[in-house]
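Notes for the one structure printed next.
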Amino acid sequence: MAPNLIDSEVVTLSISDNVAKIALHSAPVNALSKALRVGIIDAVKYALANDAAKVIVLSSQLPLFSAGADISEFSDTSDMQPMLPDVLDVIERANKPVIAVVNGNAFGGGLELALSCHYRISHSKNKVGLPEVHLGILPGAGGTQRLPRLVEAKTALDMIVTGAPTPVTRLRGVFDVIVDDVTQLENGVTEMVDKVIQSGLETKPVCEIDLNMDDSTIALFEQYEQGVAAKTKGFFAPGHCVKAVKAAYELPFAEGLKREAELFMECMKTSQARAQQHFFFAERAASHVEGLSRTAQARDIKKVAVIGAGTMGGGIAMNFANVGIPVVMLEMKQEALDKGLSIIASNYQNSAKKGKLTQQQVEERMALLSGTTDYGDLSDVDLVIEAVFEKMSVKKEVFGALDKVCKQGAILASNTSTLDLNEIAQSTSRPEDVIGLHFFSPANVMKLLEIVRGEKTSDDVIKTCMKLAKSIRKVGVLVGVCFGFVGNRMIEPYGREANRLMLEGATPEQVDRVLTKFGMPMGPFTMGDMAGQDIGYFVRESRREFIAHDPSYCVVADRLVEQGRVGLKCGKGAYLYEKGSRKPIPDPSVLEVAKQEAERLGIEQREISDQEILERILYPLINEGADILQEGIATKSSDIDVIYVYGYGFPVFRGGPMKYADEVGLKTIRERMQFYYENHGEHGKNWFKPSSLLEELANKGKSFSDFK
Ligand code: NAI
């Protein structure tokens, strides 16, 4: 083996048999940090200056090629030289051929690095992509200019606008050689080097390829320009991605690069880019729980039981079957069990009909599911998740029974959405093994899992559940015990204000329009109709003592439910629905109910501005988030953001409610809360008192992200 001529922390270089081998090894993902950029430039320059090297081979010693930019550098750009485009320029202008060996994923800057090389080799199982759009930006190191020079315009647009990873096999223009699998890469590279040498050491800079805008390409860009806003509703960066790719066709390469840089900076300066980058880190930070015992070890989860085969139980069970973990489901009666299992089977069959699963996969998953009516069958499970009726007495009975039959070390979890987990834990002799696993509906689809820590829950149980969330492909966020935990506790003011605004004269469609324009997938009234207006009604019924001081509290919703208007499932709620349709149709009789209730309560109806609607619905939700932070129910504001984006469809381009508040400025949020507190009569006094944490941070000129 040739000796290493460069052997730094991130790059090695050796030269033998005419080949300079540059290998990147900046663990864990070859992020293109300053150190790696310097390392690459130095190694390339060394190879260019050394006569023994005729060809340069750029490869990775890690299982992937490179995951792209080091995003942590985005927040401090004071010491960025050399920038990635400078590195790529050196490679592209090299007078010796450079071959990129794309052994594993190459994303963002990683793919741009490969595109600046003269030849590329990969294997057929690999995927590459330009996911910058997910961070609110666009590829800024020539990706938008080089990729279109190698693939059809549509492929380049799709990759850059959607950010989706693309199989290498669909990118034959990018890869000169695609071997069958990764083990064949080494031979492939040797053959490639020989060919390059034999054919006269030609360098083939991508920048020298000419691009022409023919009629069909013009039509394609028109189609994208018109369609992108509707397809990527509310997002800023996708439109700029289209502009950047178009520049590749309209401008010479060097000018195209400049245009790309301008468009990149325009994206980078938006609050959306800040929000999406914040969210990228928020999601990763959610899995790091501080303060857990270092010696606590996650337990093995090899078999799971689910109690209750209803709406949630069925979806929860599917999560485990989907990843190969056997599940036994327990119901009181055989009919309920059969019904639950048959719903799961038909869900899987529907996925098979849509081509998402093969018949064999359906069978494998169903084979992992079994049912019982006998608690004795749960003696060997490692984890039980209870999803029975939301009633404390029933839950206690179930946990008492589990305590008797489950083996020592089994984790006993509840999917309760509102009940006191500590009280449930007390009905067992092992409260340290009890935890909340709060799935969101539909449980087999929604990515969020609130992991609820009881006062006695042990650290290894928490560690197990955080790890488990990942293995069932959920995003787990640790929260504390309170009514509604984080997500549902914060949604309460959101729904309350929406209802109150209707009483004051807003229409459901106005409120819903304001919230969808903000970026929510649907407004509160459409959401209420979809979930069933009766669900909220039952929650209110169980909490009348807490809301009795406000006679206006959701009264219109109460009247609608009392009239049997429970939502989509019966064709009428806050809206009307035609049979088989989910399209909400405004109903004047709902406004009539609101008018009558307003008269009864002495509330004068008026025209309400969109801005007031937005503030009155979102600011109390944020204010509740502040209380949640202060009480330690959530440990960091970014956890709340993760819960809201994954559990409630809060627009990721706002970063989540707490990041949104930070962008608006906590002083403004506090002032507006105070304004409604002082100027909105009894209702303002009841519900708009600024949280003391909000006051404190606003006074100090700080943001929620500063609160630890
Ligand atoms: P569901 O009514 O659809 O299902 C409950 C199932 O539990 C029924 O099949 C019932 O036969 C069974 N069951 C009742 N008592 C039992 C017992 N003692 N032993 C065994 N099985 C028993 O209810 P759903 O919606 O699935 O809710 C279950 C739990 O999940 C509740 O605690 C609820 O608050 C919570 N949850 C519900 C969400 C939703 O959107 N539906 C969202 C998140 C949590």
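The values are calculated or read from the model by the stated rules, or taken from the named source; none is laboratory data. Please read all numbers here as calculations on a predicted model, not as lab measurements. So basically every Cβ, Gly included, is an ideal-geometry build from the backbone, and we count neighbours across all protein chains shown. Heads up: the accessible areas ignore ligands, DNA and RNA and are worked out on the full protein's heavy atoms, side chains in. Shrake-Rupley method; radii C 1.70, N 1.55, O 1.52, S 1.80 Å.
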Within the stretch 7-31, residues open to solvent by less than 70 Å² (accessible area, probe 1.4 Å) and either in contact with a Ser or Thr (Cβ under 6 Å, 6 or more places away or on another chain) or within 24 Å of residue 195 (Cβ to Cβ) (or both) come out as 10, 13, 14, 15, 16, 18, 19, 20, 22, 23, 24, 30
Which residue, of 296, 317, 275, is more than 16 Å from the ligand (Cβ to nearest atom), part of a helix (DSSP H, G or I) and either at negative phi or not assigned by TED's automatic domain parsing to the domain that holds residue 134 (or both)? 275
Considering 539, 452, which residue is open to solvent by less than 40 Å² (accessible area, probe 1.4 Å) and either within 15 Å of the ligand (Cβ to nearest atom) or under 23 Å from residue 636 (Cβ atoms) (or both)? 452
Only one of (1) under 27 Å from the mean Cα position of the chain (by Cα); (2) modelled with pLDDT under 95 is not met by residue 540, so which one is it? (1)
Please specify each residue of the stretch 431-449 satisfying the condition of being farther than 24 Å from residue 648 by Cα and either away from the ligand (no atom under 16 Å from the Cβ) or not hydrophobic (A, V, I, L, M, F, W, C) (or both). 431, 432, 433
Test residue 370 against the criterion of being of a type in the set (Gly, Ala, Ser), open to solvent by 40 Å² or more (accessible area, probe 1.4 Å), within 16 Å of the ligand (Cβ to nearest atom) and in contact with a helix residue (DSSP H, G or I) (Cβ under 9 Å, 6 or more places away or on another chain), and give yes or no. yes
Filter the stretch 158-196 for residues that are over 30 Å from residue 240 (Cβ atoms) and not in a helix (DSSP H, G or I); which is least open to solvent (accessible area, probe 1.4 Å)? 179
For the stretch 299-311, which residues satisfy the criterion of being within 14 Å of the ligand (Cβ to nearest atom), surrounded by 23 or more Cβ atoms within 10 Å (Cβ to Cβ) and under 27 Å from the mean Cα position of the chain (by Cα)? 306
Filtering the stretch 114-128 down to residues that are surrounded by 23 or more Cβ atoms within 10 Å (Cβ to Cβ) and either among the hydroxyl-bearing types (Ser, Thr, Tyr) or not in a loop (DSSP other than H, G, I, E, B) (or both) yields 114, 115, 116, 119, 120, 121, 122, 128
Considering only residues that are part of a helix (DSSP H, G or I) and farther than 19 Å from residue 454 by Cβ, which ones fall in the stretch 375-392? 375, 376, 377, 378
How many residues of the stretch 402-456 are small (Gly, Ala, Ser), out of contact with any helix residue (DSSP H, G or I) (no Cβ under 7 Å at 6 or more places or on another chain) and in contact (Cβ under 8 Å) with a residue 60 or more places away in the chain? The answer is 1
Only one of 461, 445 is more than 28 Å from residue 550 (Cβ to Cβ), open to solvent by less than 30 Å² (accessible area, probe 1.4 Å) and not in a strand (DSSP E or B). Can you tell me which? 461
Could you count how many residues in the stretch 134-148 are out of contact with any Phe, Trp or Tyr (no Cβ under 8 Å at 6 or more places or on another chain) and not in a loop (DSSP other than H, G, I, E, B)? 4
Does any residue of the stretch 585-592 turn out to be under 25 Å from residue 649 (Cα atoms), at pLDDT 95 or above and open to solvent by less than 70 Å² (accessible area, probe 1.4 Å)? yes
Could you tell me whether the stretch 411-423 includes any residue that is more than 18 Å from residue 316 (Cβ to Cβ) and of a type in the set (D, E, K, R)? yes
With the structure loaded, tell me whether residue 355 is surrounded by fewer than 17 Cβ atoms within 10 Å (Cβ to Cβ) and within 31 Å of the chain's Cα centre (by Cα) or whether it fails that test. yes
Restricting attention to helices (runs of 4 or more DSSP H) lying wholly within the stretch 512-595, give those where 2 or more residues are under 26 Å from residue 646 (Cα atoms) and touching a Leu at 6+ places or on another chain (Cβ under 7 Å). 524-531
Name the residue that is surrounded by the most Cβ atoms within 10 Å (Cβ to Cβ), counting only residues in the stretch 329-344 that are touching a helix residue (DSSP H, G or I) at 6+ places or on another chain (Cβ under 6 Å) and outside any loop (DSSP other than H, G, I, E, B). 329
Return yes or no: is residue 376 closer than 17 Å to residue 329 by Cα, away from the ligand (no atom under 11 Å from the Cβ) and open to solvent by less than 70 Å² (accessible area, probe 1.4 Å)? yes
List, please: which pairs have Cβ atoms under 7 Å, are six or more places apart or on different chains, and start with a residue in the stretch 557-581 that is surrounded by fewer than 19 Cβ atoms within 10 Å (Cβ to Cβ) and end with one that is of a type in the set (Phe, Trp, Tyr) and at pLDDT 95 or above? 571/577
What's the number of the only condition in (1) surrounded by fewer than 14 Cβ atoms within 10 Å (Cβ to Cβ); (2) at pLDDT below 95 that residue 254 fails to meet? (2)
Please indicate, with yes or no, whether at least one residue in the stretch 336-344 is within 13 Å of the ligand (Cβ to nearest atom) and either assigned by TED's automatic domain parsing to the domain that holds residue 635 or under 28 Å from the mean Cα position of the chain (by Cα) (or both). yes
If I filter the stretch 413-430 down to residues being more than 14 Å from the ligand (Cβ to nearest atom) and not in a loop (DSSP other than H, G, I, E, B), which single residue comes out as most open to solvent (accessible area, probe 1.4 Å)? 426
Among the residues of the stretch 58-113, which ones are within 21 Å of residue 277 (Cβ to Cβ), open to solvent by 40 Å² or more (accessible area, probe 1.4 Å) and assigned to a helix (DSSP H, G or I)? 72, 74, 75, 85
Members of the stretch 630-651 found to be of a type outside the set (Gly, Ala, Ser), within 29 Å of residue 137 (Cβ to Cβ) and open to solvent by less than 40 Å² (accessible area, probe 1.4 Å), listed by number: 639, 640, 641, 642, 643, 644, 645, 648, 650, 651
Residue under evaluation residue 396, criteria (1) without any contact (Cβ under 8 Å) to a residue 40 or more places away in the chain; (2) away from the ligand (no atom under 11 Å from the Cβ); (3) of a type in the set (Lys, Arg); (4) open to solvent by 20 Å² or more (accessible area, probe 1.4 Å), criterion not met: (2)
